[in-house]
1. For the stretch 37-52, what are the residues that are of a type in the set (Gly, Ala, Ser) and either buried (at least 24 other Cβ atoms within 10 Å of the Cβ) or touching a Pro at 6+ places or on another chain (Cβ under 8 Å) (or both)?
2. Could you identify the single residue in Ile20, Ile56 that is over 27 Å from Gln224 (Cα atoms) and β-branched (Val, Ile, Thr)?
3. Given the condition within 18 Å of Val112 (Cβ to Cβ) and of a type in the set (Lys, Arg), answer yes or no: does some residue in the stretch 181-199 qualify?
4. Could you please find all residues in the stretch 21-59 being closer than 19 Å to Ile276 by Cβ, under 15 Å from the mean Cα position of the chain (by Cα) and of a type outside the set (Asp, Glu)?
5. Give the residues of the stretch 163-187 that are among the aliphatic types (A, V, I, L, M) and either more than 16 Å from Ile35 (Cβ to Cβ) or not in a helix (DSSP H, G or I) (or both), sorted by residue number.
6. Looking at Ile20, Ile56 in this structure, which one is in a helix (DSSP H, G or I), crowded, with 24+ Cβ neighbours inside 10 Å and among the aliphatic types (A, V, I, L, M)?
7. Go through the stretch 77-119 and count every residue that is touching a strand residue (DSSP E or B) at 6+ places or on another chain (Cβ under 7 Å) and at pLDDT 95 or above.
Amino acid sequence: MKKGLVLEGGAMRGLWTAGIIDVMMAHDVWPDGLIGVSAGAAFGCNYKSRQIGRTIRYNTRFANDSRYSGVKSLLTSGDYYNAEFGYHVIPKKYDIFDDDAFNSNPMEFTVVCTDVTTGKAVYQPLWKADYNCYEYIRASASMPLVSKVVEIEGRKLLDGGVSDSIPLAYFEQQGYDRNIVILTQPLGYQKEHLKLMPLMRMALRKYPAMIQAMEKRHVMYNQQLEYVAQAEREGRCLVIRPEEKIPIGHLSHDAQLMQQVYESGKAVGERYIERIKKFYKI
């Protein structure tokens, strides 16, 4: 049996997920593999480095710091979440990312990015915490319109949620047969066609395959929701989802609201922890 953990993205809604996975770590629940998309990758990396509380700590600390995120960063660097400060300064100087713990943890950690030249998903296993590792995590979480294309190892990458928002099927294909899936939208949610597509077409005009992927994203996402629901009915996965819409936007500078969302996730984690252990047969 291979125990997998699948983390959907959702930008700042990922703080809710962070609360759940911090509870899992506190209860010594260690899956064999984790696959994260966008915020699921950016925050999920702290599971492999075994750092409870790190996600909420640096997000609240730097919530109103223009070096970390905001319009100033977008206008000066092309990234709403500053690439250098967020992914290379904070982990090395202000809230140290435990590279050694990440490297020594045998848990497989995979991030999903989207190749803008093909519109297809890139599944990147990350075993060593180095510059490229941080860049792949950044690429997975780089939302179109508010992020520059991330060029790494000959690839041009953006948000993994565009091509594979909930990669349960991929993880099953990799041999993970006991998967916990953490979603950031409530039961019954259906994604609609993106209203900002005219802006997307303009911003991504050099990448027609990416535009096509963005056009069809809602169809892909809703099909994945049905796949997850079917797997849940068959007992192949345990799904944890919010009971109602998480009350935070994609972008937020409200540290108090961030903390509330995180604490809400922790409460759900505590309610689910025995079910999680039973499902993983711990």
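The values are calculated or read from the model by the stated rules, or taken from the named source; none is laboratory data. This is a predicted model, so every value here is computed, not measured. Every residue, glycine as well, gets a Cβ built from its backbone with ideal geometry; the counts of neighbours run over all protein chains shown. Just the protein is used for accessible areas: all its heavy atoms, side chains included, with ligands, DNA and RNA removed. Shrake-Rupley method; radii C 1.70, N 1.55, O 1.52, S 1.80 Å.
1. Across the stretch 37-52, the qualifying residues are Ser38, Ala39, Gly40, Ala41, Ala42, Gly44.
2. Ile56
3. Checked against the condition, which is being within 18 Å of Val112 (Cβ to Cβ) and of a type in the set (Lys, Arg), the stretch 181-199 yields at least one hit.
4. Selection gives Ile21, Gly33, Leu34, Ile35, Gly36, Gly40, Phe43, Gly44, Asn46, Tyr47, Lys48, Thr55.
5. Result: Ile166, Ile180, Val181, Ile182, Leu183, Leu187.
6. Ile20
7. 11
Residues checked against (1) modelled with pLDDT under 95; (2) farther than 30 Å from Glu243 by Cβ:
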site	(1), (2)
Pro186	no, no
Gln190	no, no
Lys195	yes, no
Met202	yes, yes
Pro208	no, yes
Gln212	no, yes
Val219	no, no
Leu225	no, no
